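See structure below.
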Amino acid sequence: MPKFIPYNYDQTSMVVINFKDQLQPGTFEYAVHYLINEKLDLSIFYPNYDNNEGGRPAYDPAILLKIILFAYSKGITSSREIQWCCETNIIFKALSCDTVPHFTTIASFVSGNTSEIEHLFEQVLLICHEQDLLGNELFAIDGCKMSSNAAKEWSGTFKELERSELR
């Protein structure tokens, strides 16, 4: 019988992680981190905060932007899932410096700062253009809603479709 190195899942381990070391140059997460820290002016968010005299300290808009942009780049748009990623994923932990914003904080940041985020996105595109990262081709983001000609009786959940089929 072959010999294997013994292992035990019922053990505790402490792992020391330097978050900055997780953000390696040449990766998308490093680019997001660098861009937000070094190139973008985030002072447009400051008037939205009114906790100078009292109140709980707020999450830095830089942290929120980093985790939101990184999550969106991975196809993660749910604020609950972004919160879960901040709890479990090492790259999200590195980008957020091991803070875990509540999903309501993430959602209200996105919905309450649409014009500020749009302005920052324009800055990002200008920086990418300066660095020749866009290739001078068409770049478009389409978020418009369009009406559909799909019949209402053929849309819904599988259970609803089964019920309508039995009728």
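Please work out whether the range 1-73 counts as rounded, prolate or oblate from its C-alpha gyration tensor, where a ≥ b ≥ c are the square roots of the eigenvalues and a/c under 1.5 means rounded, while otherwise a/b larger than b/c means prolate and anything else oblate?
Prolate.
Which pairs break 30 Å Cα to Cα here: K39/K93; K93/K159; K66/K159? Walk me through the intermediate numbers first.
Values: K39/K93 22 Å; K93/K159 40 Å; K66/K159 40 Å.
Listed pairs above 30 Å: K93/K159; K66/K159.
Specify whether the C-alpha gyration tensor of the range 12-143 places it in the rounded, prolate or oblate class, a ≥ b ≥ c being the square roots of the eigenvalues: rounded for a/c under 1.5, otherwise prolate if a/b is larger than b/c and oblate if not. Could you put the intermediate results ahead of the total?
Values: a/c = 1.65, a/b = 1.16, b/c = 1.42.
The shape class here is oblate.
Each value in this text was obtained by applying a stated rule to the coordinates, not by laboratory testing. Every value quoted in this text rests on a predicted model; they were computed, and no experiment measured them.
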